[in-house]
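Q: The structure that follows is given in the form of structure tokens.
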Amino acid sequence: MGAHIEAEEARDFGAGRAARREQAVRAAVEQGLLGPDSPIVGLLDVIGIRESVAQLRAAFDAVVAPGTPVLHAFAVKATPLVPVLRLLREEGVGAEVASPGELALARAAGLGPEMTVLDSPAKTPGELREALALGIAVNADNPQELDRIDGLMIPHSPKGVGGAPIAASRSPLGIRVNPQIGGGSIESTSTATATSKFGVALRDEGAREWVVRAYLDRPWLTRLHAHTGSQGVPLSLMARGVATTYELAEEINRRAGRRQVDTLDIGGGLPVNFASDATTPTYAQYARMLAEEVPGLFDGRYGLVTEFGRSLLAKHGTVVARVEYAKSAGGRPVAVTHAGVQVATRTVYAPGVWPLRIAAYDSKGRPKEGPAVVQDVAGPACFSGDLLAEGCALPLLEQGDFAAALDTGAYYFAHHYAYNSLVRPGVYGFGPGSEGGVAFAVVRKAQTVEEVVAESGGAQVDALLGGQGAWGLS
């Protein structure tokens, strides 16, 4: 009965999301956010984002023991936009960061150290020093990084790493491990394979004992981290990775004779359904599976950190692009739009594993009607493979219509690829306006061509000319 009700709720949420999206596209055209002079925008559904956060929190609240400390930290790489991080902060969600830039974005959004986790696999001494000084949680990726942290944490070290040692950092510290339990259907996003670059490879010879000894020698190591999931990884494999991590924490605490590891960071990686508006799998399904497979995880002995990203934002974003020209090649219609590789890089280069749904809208932003016609939806970049969708069955797109790439709120319009020096599109959040209308808020302004020139060394136009005899030329 519970699963049936949950499926009904998922459909209801999907239908509501689709209705809001249709209203927003039409309003964007009517209000001039989309048109001949602004042919591409990214739209973010604020209500949908809030709903996803509520579903995440409710799913884990239903299985964890009362009073258990839980931090849901959004993986900033999924949508690195300050207003998005601020919205999530107001909903009680923290930030998982993996670079100095992402940390700066989180801090700009007002996220404090207690809501921030640093997980980069290539942290510099300076990054570690900053994190430890701020009190941000750090998961060491490998033995060499732990050596660096040792140098910063030992009070009597003559200099430490990168300067004087930090004797009393407030940072919760742990180690990231790779359970090496196998990959999903997308090799490039599978993080728990035998040769994954992330974490300490737990099944390599001597690695497990090294991890245990590292904790026994360092009473300030109190967290354990693993991240198994991502797009293409089934829930069962994700749960197995969490179970392996939990078993290791139990071994460490047993051998330490006390509860040294007090927090488990189980990562994120819930896959997203890109085939329809339905939200599947759900956070509730995953949380219930974890409760069944790893019951001790939620009995109150361990604090919990999650690091979901794509699943929180993907279905609440839409890239909408104007059809600049409608043509035909080899008997197949081709709609040439302003959305291609610059916003949908993964889809263009690997369409088999990153397909997108496309919705057709007419020139007034209304859902387009008519018989489905097999056609290509192309982008503006100068190479033949720049296609949002190939052989897609849609009402025939015509010049002045709009093509919308759905489920693009994560890893799409916030990850611009500057092919052909195409400008970054503007991003707008939308929500209910007055009298039943739609209101928009600027999340990120569209990039100007002047900014493109500046980023491309415009202020250093003569830098390579040099003087007479420069560069060894006579």
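Q: Would you mind checking Lys77/Lys364; Lys327/Lys364; Lys327/Lys368; Lys77/Lys368 for any pair whose Cα atoms are more than 29 angstrom apart?
A: In this structure, Lys77/Lys364; Lys77/Lys368 lie more than 29 Å apart at Cα.
Q: Assuming 0.36 nm per residue, please report the length gained on full extension of the stretch Glu114 to Ala372 beyond their Cα-Cα distance.
A: 87.7 nm
Q: Suppose R0 equals 25 Å. What FRET efficiency, 1/(1 + (r/R0)^6) with r the Cβ-Cβ distance, do Ser363 and Glu450 give to the nearest 0.05?
A: Rounded to the nearest 0.05, the efficiency is 0.25.
Q: Taking 7 Å along the Cα-to-C-beta vector as the label spot, tell me the Ala104-Leu396 distance in nanometres, rounded to one decimal.
A: Between Ala104 and Leu396, the simple spin-label model gives 5.0 nm.
Q: Still on this structure, please answer the following. Just the accessible area per residue of the chain, please: how many Å² with a 1.4 Å probe?
A: Counting only protein heavy atoms, the per-residue value for the chain is 44 Å².
Q: Okay, moving on. Let me have the relative contact order for the chain, percent, based on Cα pairs under 8 Å that are six or more residues apart.
A: 17
Q: At 0.36 nm per residue, minus the direct Cα-Cα distance, what do Asp37 and Glu292 gain on full extension? Give it in nm, one decimal, please.
A: So the chain would gain 86.4 nm between Asp37 and Glu292.
Q: Mind checking the full-extension length gain between Leu465 and Glu22? Use 0.36 nm per residue of separation minus the Cα-Cα distance, one decimal, nm.
A: The Leu465-Glu22 span can extend by a further 154.2 nm.
Q: Mind jotting down the three principal axis lengths of region 12-51 based on Cα atoms? Whole angstrom, largest first.
A: On the principal axes, region 12-51 reaches 35, 15, 12 Å in Cα extent.
Q: Let me ask something else. Decide, for region 7-112, between rounded, prolate and oblate: order the square roots of the alpha carbon gyration tensor eigenvalues as a ≥ b ≥ c, take rounded if a/c falls under 1.5, and otherwise choose prolate if a/b is larger than b/c, else oblate.
A: Taking the square roots of the gyration eigenvalues as a ≥ b ≥ c, region 7-112 is oblate.
Q: Using 7 Å Cα-to-Cβ label points, what is the Ala58/Tyr325 separation (nm, one decimal)?
A: 5.0
Q: Right, another one. What is the sum of charges around Ala410, taking Lys and Arg as +1, Asp and Glu as -1, for the other residues whose C-beta is under 12 Å from the C-beta of Ala410?
A: Here the count lands on +3.
Q: Sticking with this structure for a sec: Just from its helices, what would the mean residue ellipticity at 222 nm be for the chain, if runs of 4 or more DSSP H residues each count -39500 (n - 2.57) and the sum is divided by every residue, rounded to the nearest 500 deg cm²/dmol?
A: Using -39500 (n - 2.57) per qualifying helix, the result is -9500 deg cm²/dmol.
Q: Also: How many Å³ per residue does the convex hull of the Cα positions in the chain occupy?
A: Once divided by residue count, the hull of the chain is 197 Å³.
Q: May I pose another question? Suppose every Lys and Arg Cβ carries +1 and every Asp and Glu Cβ carries -1, with no other charges. What dipole size does the chain come out with about its Cα centre, to the nearest 20 debye?
A: Here the size comes out at about 520 debye.
Q: If a/c stays under 1.5 just call it rounded; otherwise compare a/b with b/c (prolate if a/b is bigger, oblate if not). Do that for region 348-424, with a ≥ b ≥ c from the square roots of the Cα gyration tensor eigenvalues.
A: prolate
Q: OK, next. What do you get when you divide the Cα radius of gyration of region 383-440 by 2.2 N^0.38 Å, with N the number of residues?
A: Cα-based Rg divided by the globular estimate yields 1.48.
Q: Moving on. Antiparallel versus total DSSP beta bridges in the chain: what percent is that, nearest 5?
A: 50
Q: Same structure, new question: Using +1 on the beta carbon of Lys and Arg, -1 on that of Asp and Glu, and nothing else charged, what's the dipole of region 340-456 about the Cα centre, debye to 20?
A: Using only the charged Cβ atoms, the result is roughly 240 debye.
Q: Using Cα centres only, tell me the gap between region 339-416 and region 44-76 in whole Å.
A: 31
Q: Using the alpha-carbon atoms, what tilt in degrees (0 to 90, nearest 10) does helix 46-61 show relative to the longest principal axis of the chain?
A: Compared with the principal axis, the helix lies near 30 degrees.
Q: Share of the chain's accessible area from carbon and sulfur, percent, 1.4 Å?
A: Reported share for carbon and sulfur atoms: 54 percent.
The values are calculated or read from the model by the stated rules, or taken from the named source; none is laboratory data. Everything numeric in this text was worked out from a predicted model, so none of it was measured. Cβ: placed from backbone, ideal geometry, glycine included. Neighbour counts: every protein chain shown. Side chains are part of the model used for accessible areas, which takes the heavy atoms of the whole protein and leaves out ligands, DNA and RNA. Shrake-Rupley method; radii C 1.70, N 1.55, O 1.52, S 1.80 Å.
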